[in-house]
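Everything on this sheet refers to the single structure shown next.
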Amino acid sequence: MGYTAKTDELTREYFDSILISTRYLDSDLPSLDMELWGENFKTPVMTAALSHLHNICDNAMAEFAKGAKDAGAVNFVGMTEEDELEGMLATGARTVKIVKPHEKDEKVREKIEHATTHGAFAVGMDIDHAISWEGKYDVVCGFPMKPTTTAKLSEYVKMTDRPFVVKGVLSTADAEKCVEAGAAGIVVSHHHGIMDYMVPPLMVLPEIVKAVDGQLKIFVDCGIERGADVFKALALGADAVCVGRALMDPLKNGAKGVTEQIEVINRELKVIMARTGAKSLKEIDPSVLKFRAF
């Protein structure tokens, strides 16, 4: 029993089933500027909450963060050693530290407090990594995990004065509970297919957007590789997107590779925005999307 990639296949198929119509008249070159929690960024393309990048290049975690900073992007990060996170934050990258759903509250508190003390832009929790493929509570890098309750999530939100982001939301039920718990944002994600036959994030995105009704920020993760993917997510109501695996090969060239790949995606996004009449992220119109049979 284990990962079969079927969820990722379905996610790619759904992305590709969404087509885009054009609006040339009265269009112009767009701006990708994005405001998030009182700070300004150059792009809605953020790095995903990756972990354990040690073998890709020297000092890979810090290089990943620096690549995001140099692109004017928000940087997410998953599991790290404390000195690794401190190295990432030292680059000046505005970093969102995502904590695993540890069995012990003390471990969660320790991770949140460390990130907050050392200047994380935001913190959060990955709620979907609690159950293993064997149908038991998961153990990640030797640390036991356990599902999180809405009440516990509310406690974690109160452990920091930074915005709190919940990663792994793939239903309106969980999205509404995140609002109830006081989260500032959610990442709509299936964690690169953590279970077979999971719904593609963009398929459930519109109903999540409607359910939360602007009460928190919505980010989309999983399978985003190009500017067209970003555009479709934004058109369906996301505030920004997270790109992970598409940046791993460029990371072989260090921060420069990450920055350059984000800029490639940005250029692709700008072209589509210009060809659909959107001069800013807020002007992206969902009615330009056309859906073929999936």
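What follows draws every value from the coordinates through simple rules; no lab data is involved. Not measured: the values here are computed from a predicted model. Here Cβ is always computed from backbone atoms with ideal geometry, including for glycine, and neighbour counts include all displayed protein chains.
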Subject >> GNM flexibility winner over the chain from Lys256, Lys210, Lys177 (Cα, springs under 10 Å) >> reply: Lys210
Subject >> Environment charge of His114, counting only residues whose C-beta is closer than 9 Å and scoring Lys/Arg +1, Asp/Glu -1 >> reply: -2
**OP:** Obtain the nm distance between the two label points defined at Lys290 and Ser31 by a simple spin-label model: each point lies 7 Å from its Cα along the Cα-to-C-beta direction.
**Re:** 3.2 nm
**OP:** Quick one: among Cys141, Cys242, Cys178, which has the greatest mean-square fluctuation in a GNM of the chain with alpha-carbon springs under 10 angstrom?
**Re:** Cys141
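Could the peptides 124-134, 191-201, 144-154 be put in order, highest first, of the mean number of other beta-carbon atoms found within 10 Å of their residues?
On the way: 124-134: 19.5, 191-201: 18.0, 144-154: 15.7.
Ranked from most to least packed, the peptides come out as 124-134, 191-201, 144-154.
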Subject >> Mean-position separation - Cα centroids, the range 24-93 and the range 217-294, in angstrom >> reply: 14 Å
Original post:
Roughly what angle does helix 60-70 make with the longest principal axis of the chain, taking Cα atoms, 0 to 90 degrees, to the nearest 10?
Top reply: 40 degrees
Subject >> Estimated distance in nm for a label pair at Ile131 and Thr172, the labels positioned 7 Å out from Cα along Cα-to-Cβ >> reply: 2.2 nm
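In the neighborhood of Gly72, defined by Cβ-to-Cβ distances under 15 Å, what is the net charge if each Lys or Arg adds +1 and each Asp or Glu adds -1?
It works out to a net charge of +1.
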**OP:** For helix 172-181, report the angle its Cα long axis makes with the longest principal axis of the Cα atoms of the chain; keep it between 0 and 90° and round to the nearest 10°.
**Re:** 60 degrees
Original post:
If we sort 36-48, 16-28 on the protection proxy, mean other Cβ atoms within 10 Å, highest first, what's the order?
Top reply: 36-48, 16-28
Original post:
What residues qualify as long-range amide H neighbours of Val140, i.e. H under 5 Å apart, gap of 5 or more or another chain, H built at 1.01 Å from N?
Top reply: Met145
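Could you tell me which of the pairs Lys42/Lys270; Lys100/Lys146; Lys6/Lys290; Lys111/Lys167 are separated by over 18 angstrom between their Cα atoms in the structure shown?
Distance filter (> 18 Å) returns Lys6/Lys290.
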**OP:** Sticking with the crude label model, points 7 Å out along Cα→Cβ, report the distance from Tyr24 to Lys104 in nm, one decimal please.
**Re:** 6.5 nm
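If a/c stays under 1.5 just call it rounded; otherwise compare a/b with b/c (prolate if a/b is bigger, oblate if not). Do that for the range 172-225, with a ≥ b ≥ c from the square roots of the Cα gyration tensor eigenvalues.
Verdict is prolate for the range 172-225.
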Subject >> ³J(HN,Hα) computed for each position of the range 224-231 - Karplus, 6.51 cos²θ - 1.76 cosθ + 1.60, integer Hz, glycine/proline x >> reply: 7, 10, 9, x, 4, 5, 4, 4
Original post:
What percent do you get for the relative contact order of the chain when only Cα pairs under 8 Å and 6+ apart count?
Top reply: 26 percent
Original post:
Nearest 10 degrees, 0 to 90: what angle lies between the long axis of helix 254-275 and the longest principal axis of the chain (Cα atoms)?
Top reply: 40 degrees
Original post:
For the chain, what proportion of DSSP beta bridges, expressed in % and rounded to the nearest 5, is antiparallel?
Top reply: 30 percent
Subject >> Which labelled figure in (1) 14.5; (2) 23.3; (3) 18.2 is mean projected area of the Cα convex hull in nm², once derived from the coordinates >> reply: (1)
**OP:** May I ask you to derive the relative contact order of the range 107-217, considering only C-alpha pairs under 8 Å and at least 6 residues apart, and to give it as an integer percent?
**Re:** 24 percent
Original post:
Which net charge results when you count Lys and Arg as +1 and Asp and Glu as -1 among the other residues whose beta-carbon is under 10 Å from that of Asn253?
Top reply: -1
